[in-house]
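Worksheet: the structure to be examined is printed underneath.
The values are calculated or read from the model by the stated rules, or taken from the named source; none is laboratory data. Since this is a predicted model, take the numbers as computed values, not measurements. Note that each Cβ is placed from the backbone with ideal geometry, even for glycine, and that neighbours are counted across all protein chains shown.
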Amino acid sequence: MYDIGSYVPASDVHVSRSPMPAGFQGTSTTVARIGRVIHAWSSSPVIRDLTEHITQDADDWDTYTQAVLIFQWTQRHIGYRRDPVGVELLKEPDVILKAIQARGKAFVDCDEFVAWLGSCLQSIGIPVRAKKVSFNHRPGSYQHIYLEAHVSHGFDGQRFWLPLDPTFPGAEPGKILIPGTKVYTVDWRDREDRLALGRLILFGVLVALGLSALKD
């Protein structure tokens with residue numbers, strides 16, 4: 001049997017807990033945190049080594065099969081549980097690995113699935129993006145998130161976005177089990193990041209206008 005314990009870091013594990021803000025602010029904050037987890041853990045030797053093991057039987061340039069193998073491994077070792085009431089819980093990959101080592105299975109919710117799969121896929125060079133889902137179609141109201149991987153069937157194959165959502169029973173790579181919902185591509189930056197960028201752009205415009213006025 002494969003010894004997952006050799007891939008679990010001995011350092012302190014990481015769990016992010018925060019009150020769940022309402023509406024757009026809560027969604028954008030969570031999305032930004034997921035993006036930071038993926039960015040940090042996709043370069044981790046721990047995740048890279050594990051992902052190489054999971055995908056060792058796939059062809060070198062067949063990123064579709066590599067993504068499917070990671071998805072299937074995730075389904076075998078990670079199940080779904082909702083967040084605590086009123087709290088946005090985000091377990092980082094080391095927490096998930098320690099749970100699998102201790103009891104054979106970890107449990108996460110949809111945003112942690114995205115963070116886990118994104119970390120694994122990007123660790124072997126497969127780009128990812130996320131999709132926010134609105135069940136009630138109200139602007140700024142999102143109840144679900146899932147991942148897509150940019151893959152191909154080989155070196156010369158055309159690349160495409162493959163949906164990966166292990167949240168629901170009967171989930172398969174490429175199969176979305178939430179028909180009739182409104183889906184949006186995620187911006188990893190949170191609202192404060194976007195406001196800061198907007199202020200920076202505005203400042204640049206004002207400086208340019210001021211310099212132009214001085215020349216006149």
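Apart from one condition, residue 54 fits all of (1) under 18 Å from the mean Cα position of the chain (by Cα); (2) surrounded by 17 or more Cβ atoms within 10 Å (Cβ to Cβ); the exception is (1).
Here the condition is being hydroxyl-bearing (Ser, Thr, Tyr), more than 28 Å from residue 156 (Cα to Cα), surrounded by fewer than 23 Cβ atoms within 10 Å (Cβ to Cβ) and touching a Lys or Arg at 6+ places or on another chain (Cβ under 8 Å); of 134, 44, it holds for 134 alone. If you go through region 73-89 and keep only what is within 23 Å of residue 101 (Cβ to Cβ) and either in a strand (DSSP E or B) or under 16 Å from the mean Cα position of the chain (by Cα) (or both), you end up with 74, 75, 78, 79, 80, 89.
Out of region 94-122, which residues are under 12 Å from the mean Cα position of the chain (by Cα) and over 16 Å from residue 166 (Cα atoms)? Write out each step before concluding.
Let us first name the residues in region 94-122 that are under 12 Å from the mean Cα position of the chain (by Cα), namely 109-122.
Within region 94-122, just 122 meets the criteria.
A single entry from 73, 41, 61 fulfils the requirement of being at pLDDT below 95, of a type in the set (Phe, Trp, Tyr) and under 17 Å from residue 151 (Cβ atoms): 61.
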